[in-house]
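Q: Please find one structure pasted underneath; my questions will follow.
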2 protein chains.
Amino acid sequence: MRRYTSPDEVAFHPASVPAPLLPPLAYPPVLDAAASASLNLNDQVLAAYLGVCLPALAAPGDDGNYGSAAVADVAALQALSKRVHYGQFVAEAKFRADPAGYAALAQAHDRAGIYDRLTDAGVEAAVLARVRAKAAAFGADVDPEADTGGPPADSSSPKVDPAAVAGLYADVVLPLTKEVQVRYLLTRGLAWDG
Amino acid sequence: MRRYTSPDEVAFHPASVPAPLLPPLAYPPVLDAAASASLNLNDQVLAAYLGVCLPALAAPGDDGNYGSAAVADVAALQALSKRVHYGQFVAEAKFRADPAGYAALAQAHDRAGIYDRLTDAGVEAAVLARVRAKAAAFGADVDPEADTGGPPADSSSPKVDPAAVAGLYADVVLPLTKEVQVRYLLTRGLAWDG
């Protein structure tokens, strides 16, 4: 269904993706083709999902629901992959705002310099606050009595700990997104000649 | 993956479901096998989804995203089917609370009598209030500034109109769920001999 022809989708098994049955769509050319082409951090996404996310979110044990679990795993992995690889669009925007700066760092192979330049602690803190608020809102039990224009959700008994969700963002999502940005900018800046 | 061996799953294309690769699970025998076996309202679920739900929820037009739309459609249809067919469990509970009453109606082929007996206007109103509250909470834009123990979601700008969601419950989900209950109780009661 041409899913992996979309610039915001990255396949976990690119060699196994069949040719689309639907004709191609014309996406606006936002990303640099060379910088984007080989960028695939899904092995790291899978490792972080299995090694960090699942132990933090799932109770230990075997409930026998392998089919349901596999369906949920695939949906979660694809969402996580998509979010992490959005870093390419962030990196492209940062590059366009400062091409000479990133090009100089890339041409010096200064990975740490790129990392420092793209890091914005204020933005990261705002992202984590937003994740925490979303987890509190969407993980709440809903009290129908409260449907009076007041608070619609009861945040005192969340189904998932908002701090744990924000912790996974801090420990998994943000670092992987920044790794995507660093890799993208290394290639993007190397080819830039002003 | 043995999905359609679960008593709370009903296939849209039962003739096309392959044999499970996984060994069968032992589900607690809650439903009456004869009443449940032939009960499949998925044709009506699909018709209601296409004819009522989509026109109420989706803007007219063609955005070209056929693959994404098909994935979302399948997820929505399976959730809707599952919710509607939960009516079997509701009907079984109602039968156990009043077997002689439902058996007499079933043996008289009194479909309208069964419908009236299983209808509880107070419960239905509470379900609709809860749906409305959930749509308001989970469809809200989240304001991270509000992560202070106060209302976590801004219900003043929902992404989807809570009244429209409650309307679909009233127009589609509840009637189909009650049709499932009526059909289940007709078979369940017919075979009952006290």
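The values are calculated or read from the model by the stated rules, or taken from the named source; none is laboratory data. As the structure is a computational prediction, the values presented were derived from the model and not from experiment. All Cβ positions, even for glycine, are placed from backbone atoms using ideal geometry, and neighbour counts span all protein chains on display. Just so you know, the surface numbers come from the protein's heavy atoms only, side chains and all, with ligands and any DNA or RNA stripped out. Shrake-Rupley method; radii C 1.70, N 1.55, O 1.52, S 1.80 Å.
Q: Threshold 20 Å², probe 1.4 Å: give the residues of the stretch B:59-73, in number order, that are less accessible with all protein chains present than with their chain alone.
A: SASA drop of 20 Å² or more in the stretch B:59-73: B:Gly64, B:Tyr66, B:Gly67.
Q: In nm to one decimal, list the spacings between the A:Phe12 label point and its equivalents in the other copies, with label points set 7 Å along Cα to Cβ, shortest first.
A: Output for A:Phe12: 2.3 nm, nearest copy listed first.
Q: Let me ask another. What lysines could a cross-link reach from A:Lys159, if we take a straight Cα to Cα line under 25 Å and drop same-chain neighbours fewer than 8 places away?
A: Of all the lysines, those that pass the test against A:Lys159 - Cα under 25 Å, at least 8 places apart if same chain - are A:Lys82, A:Lys134, B:Lys82, B:Lys134, B:Lys159.
Q: Dividing the alpha-carbon radius of gyration of the stretch A:46-109 by 2.2 N^0.38 Å (N being the number of residues), what value is obtained? Could the numbers behind the result be given before it?
A: Working: Rg = 18.5 Å, N = 64, 2.2 N^0.38 = 10.7 Å.
Against the compact-globule rule of thumb, the ratio is 1.73.
Q: Quick check on packing: order B:178-190, B:88-100 by the mean number of other C-beta atoms within 10 Å, highest mean leading.
A: Answer by packing, highest mean first, reads B:178-190, B:88-100.
Q: Also: Note down the magnitude of the dipole of the protein assembly as shown about its Cα centre, charges +1 on Lys and Arg C-beta and -1 on Asp and Glu C-beta and zero elsewhere, to the nearest 20 debye. All intermediate terms of the calculation are to be shown ahead of the outcome.
A: Details: 30 positive and 44 negative charges, 132 e Å.
The calculation lands at about 640 debye.
Q: If you don't mind, there's one more thing I want to ask. Where the centroid of each part is defined by its Cα atoms, how far is the stretch B:13-49 from the stretch B:59-138 in Å?
A: 16
Q: Ballpark to the nearest 100 Å², how much total accessible area do B and A bury together, probe 1.4 Å? Walk me through the numbers on the way to the answer.
A: Details: alone 11650 and 11640 Å², together 21090 Å².
When B and A are taken together, about 2200 Å² of accessible area is lost.
Q: Can you tell which of A:Asp171, A:Asp63, A:Asp120 shows the greatest fluctuation in a Gaussian network model of chain A with Cα springs below 10 Å?
A: Fluctuation is largest for A:Asp63.
Q: Separate question: What does the highest-first list of A:69-77, A:18-26 look like by mean Cβ count within 10 Å?
A: Numbers: A:69-77: 13.6, A:18-26: 9.1.
Most protected by this proxy first, the peptides run A:69-77, A:18-26.
Q: A follow-up question, please. Going by a ≥ b ≥ c, the root eigenvalues of the Cα gyration tensor, does the stretch A:1-84 fall in the rounded group (a/c under 1.5), the prolate group (a/b larger than b/c) or the oblate group?
A: Note, shape of the stretch A:1-84 comes out prolate.
Q: Determine the per residue accessible area of the stretch A:62-135 with all protein chains present and a 1.4 angstrom probe, expressed in square angstrom.
A: 53
Q: Could you tell me how many degrees, from 0 to 90 and to the nearest 10, lie between the Cα long axis of helix B:87-97 and the main elongation axis, the longest principal axis, of the Cα atoms of chain B?
A: Helix B:87-97 sits roughly 50 degrees off the main axis of chain B.
Q: Treating only the Cα positions of the protein assembly as shown as identical point scatterers, give the base-10 log of I(q)/I(0) from the Debye formula at each q in 0.10, 0.11 Å⁻¹.
A: Rounded to two decimals, the profile gives -0.87, -1.03.
Q: Suppose R0 equals 22 Å; then what is the FRET efficiency for A:Ala19 and B:Asp63 from their Cβ-Cβ distance, rounded to the nearest 0.05? Intermediate values should be presented prior to the final figure.
A: Working: r = 23 Å, r/R0 = 1.04.
The pair A:Ala19/B:Asp63 has a calculated efficiency of 0.45.
Q: Let me know the mean shielding of B:160-172 by other chains, meaning the per-residue number of their Cβ atoms within 10 Å of its Cβ. Let's see the in-between values first.
A: Details: counts 0, 0, 2, 0, 0, 0, 1, 0, 0, 0, 0, 0, 0.
Mean inter-chain Cβ contacts per residue within 10 Å come to 0.
Q: How large a share of the accessible area of the protein assembly as shown, in percent, is made up of carbon and sulfur atoms when the probe is 1.4 Å and the other protein chains stay in place? All intermediate terms of the calculation are to be shown ahead of the outcome.
A: Numbers: 12730 of 21090 Å².
That share works out to 60 percent.
Q: From the label point of B:Glu124, set 7 Å along Cα to the beta carbon, how far off in nm is each other copy's matching point, shortest first?
A: 5.5
Q: For chain B, what is the Kirkwood hydrodynamic radius in Å, using each pair of distinct C-alpha atoms?
A: Hydrodynamic radius (Kirkwood, Cα pairs) of chain B is 19.1 Å.
Q: Then there is this: What number do you get for the stretch A:73-129 when its Cα radius of gyration is normalised by 2.2 N^0.38 Å, N = residues?
A: Values: Rg = 13.9 Å, N = 57, 2.2 N^0.38 = 10.2 Å.
Rounded to two decimals, the normalised Rg is 1.36.
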